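Rule-based calculations on the coordinates, nothing more; no lab input. What you see is a predicted model; the values in this text were computed from it and never measured. Every residue, glycine as well, gets a Cβ built from its backbone with ideal geometry; the counts of neighbours run over all protein chains shown.
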Amino acid sequence: MGSLAPAPQTIAPPSAAWARPAPGPLRVLHLQSGRQYGGIQRMLVCLAESREHCLLLEPVFALCFQEQLARELIASGADVRDLGPARARNPWGIWRANRRLRGLLLTEQFDAVICHGSPLLALFGFTVRHCGVPLVYWMHNDVKQRNKNFSEFVASRQRPDLVIANSEFTAASIPLQFAWIPPHVVIPCPVTPPAPRVQPAVARAQLRREANTPADAVVITLVGRPEVWKGHAQLLEALARLRDLPGWHCWMIGGAFDPEQAAFLESLRAAATAGGIADRVHFLGQRQDVDDLLLASDIFCQPNLTPEPFGIVFIEALYAGLPVVSVDHGGAKEIVDATCGRLVPPNDPAALAGALEELVRDSGARERLSRQAPLRGAAVSDPGRVLAQVHSHLATLGQTLPASTSARL
């Protein structure tokens with residue numbers, strides 16, 4: 001507990017049949033690569049930190065890479081196992097990771113294994129099924145926006161006992177991924193509210209000074225990797241229409257992780273200059289204090305060009321009391337309503353500029369939306385309520401598995 005231990009290598013003799021242990025917490029193994037760090041990884045940290053919210057679930061995490069996710073899980077006191085590096089281009093690494101996973105499943109009792117994302121379902125689904133443990137696929141992205149590759153093909157041939165989709169939008173593409181329709185349920189991502197700040201006004205003033213932003217400015221913030229579909233360029237286009245409107249500044253938070261993202265980030269800087277707003281748009285890069293930066297902001301805006309499957313960052317912004325301005329599609333449509341923000345038509349910079357101008361000018365409207373924002377965030381993603389839903393569905397798996405899958409092979 002609290003350390004990154006390798007999965008056991010000794011293979012115990014298989015039991016005659018998979019059976020649920022005596023009543024108590026459901027022991028759930030979460031599988032994730034652990035290489036990149038984004039919404040899925042933040043959600044897993046939330047699961048680790050929310051053990052006290054739902055004592056009926058006992059999470060264990062098995063990762064392929066010991067990077068930021070592993071460090072944060074360990075810091076939370078979670079039980080973290082190392083499967084070893086597994087990449088699509090390294091069959092030997094995949095074999096070793098599956099061997100470690102098989103050893104873990106045959107020497108310890110788990111009530112379910114959850115693969116977070118289709119690559120994990122492709123890598124480990126067959127092993128989980130072979131060991132007779134209920135297989136769950138937590139679907140974080142809709143199929144229409146993913147690249148069709150060999151990993152997706154392998155994932156589509158798996159037969160999970162349950163699919164958890166993070167939104168109705170994501171669930172709508174389940175028939176596109178599987179040749180058969182597995183049992184499925186829509187459960188929003190759990191998101192932990194930020195810890196209360198001792199001196200939020202002091203932190204707000206300090207962060208604004210560091211970002212060269214006036215203390216009385218209306219700060220519009222976007223948090224996300226510099227990727228075209230996140231809508232950075234459309235936000236800049238809308239803000240360029242507001243260049244003559246005084247009082248606003250913009251923070252773009254997120255660093256580049258590869259050359260393509262770095263090139264896009266440079267194009268955003270050039271667009272801010274061309275739009276005459278370079279002195280009011282601040283690129284803050286990759287940050288570890290995003291919660292504090294959100295609390296030091298006034299409006300959150302992420303106008304995705306293509307639908308966001310869920311949008312954990314929307315919930316984080318709502319928890320921070322920020323009105324959210326986004327686009328009327330995907331996960332944003334299921335999270336943001338008139339009580340906490342504004343939704344505009346897709347690919348409409350003029351409408352986006354209009355929504356932002358309203359909230360920059362009208363402090364009363366900002367305050368009304370700000371008061372309701374945390375309540376809306378909790379209504380969608382409160383960890384206690386969400387994990388109770390997860391437990392309810394996982395608890396029925398052992399009762400509904402066909403006989404052929406309830407035995408360890």
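State the Cα centre-to-centre distance between the range 253-303 and the range 154-223 in whole Å.
Result: 18 Å between the Cα centres.
Report the one residue of Ala351, Leu305, Val28 whose Cα lies farthest in the direction of the positive end of the charge dipole of the chain (charges on C-beta: Lys and Arg +1, Asp and Glu -1; origin at the Cα centre).
Positive-most Cα among the choices belongs to Val28.
Using a Förster distance of 25 angstrom, determine the FRET efficiency expected from the C-beta separation of Arg35 and Gln206, and round it to 0.05. Intermediate results must be reported in sequence, preceding the final value.
Details: r = 33 Å, r/R0 = 1.32.
Step by step, r from the Cβ atoms, then E = 0.15.
Give, in whole angstrom and from largest to smallest, the semi-axes √(5λ) of the equivalent ellipsoid of the range 106-222, with λ running over the eigenvalues of the Cα gyration tensor.
On the way: eigenvalues 335, 70, 34 Å².
Rounded to whole Å, the semi-axes are 41, 19, 13.
According to the square roots a ≥ b ≥ c of the eigenvalues of the Cα gyration tensor, what is the shape class of the chain, taking rounded for a/c under 1.5, prolate for a/b larger than b/c otherwise, and oblate for the remainder? Could the numbers behind the result be given before it?
Working: a/c = 2.05, a/b = 1.95, b/c = 1.05.
Cα axes put the chain in the prolate bin.
Given charges of +1 on the Cβ of Lys and Arg and -1 on the Cβ of Asp and Glu, with all other atoms neutral, how large is the dipole of the range 200-381 about its Cα centre, in debye to the nearest 20?
The dipole magnitude comes to about 320 debye.
Could you go through the range 339-344 in sequence order and give the Karplus-derived ³J(HN,Hα) for each residue, using 6.51 cos²θ - 1.76 cosθ + 1.60 with θ = phi - 60°, rounded to whole Hz, and x for Gly and Pro?
Result, ordered by residue: 6, 10, x, 9, 10, 10 Hz.
Where in the chain are the helices, taken as whole DSSP H runs, whose Cα atoms extend 20 angstrom or more along the long axis and whose Kyte-Doolittle mean reaches at least -0.5? Don't skip to the end; give the middle numbers.
Details: long enough: 91-107 (24 Å, -0.29); 259-274 (22 Å, 0.19); 363-381 (27 Å, -0.57).
Long hydrophobic helices here: 91-107, 259-274.
With springs only between Cα atoms under 10 Å apart, run a GNM on the chain and tell me which of Tyr137, Tyr37, Tyr319 wobbles the most.
Fluctuation is largest for Tyr37.
Which of these, Leu44, Leu245, Leu375, has the largest mean-square fluctuation under a Gaussian network model of the chain (Cα springs below 10 Å)?
Top of the fluctuation ranking is Leu245.
For the chain, set up a GNM with springs between Cα atoms under 10 Å and report which of Phe61, Phe283, Phe150 has the largest fluctuation.
Phe150
Which one of Ser267, Gly285, Gly247 has its Cα pushed farthest toward the positive end of the charge dipole of the range 200-381, where Lys and Arg give +1 and Asp and Glu give -1 at the Cβ?
The one lying farthest along the dipole's positive direction is Gly247.
Is the C-alpha gyration tensor of the range 200-381 telling us rounded, prolate or oblate? Criteria: a/c under 1.5 is rounded; beyond that, a/b larger than b/c is prolate, otherwise oblate. Each step should come with its number before you reach the end.
Working: a/c = 1.26, a/b = 1.12, b/c = 1.12.
Here the range 200-381 falls in the rounded category.
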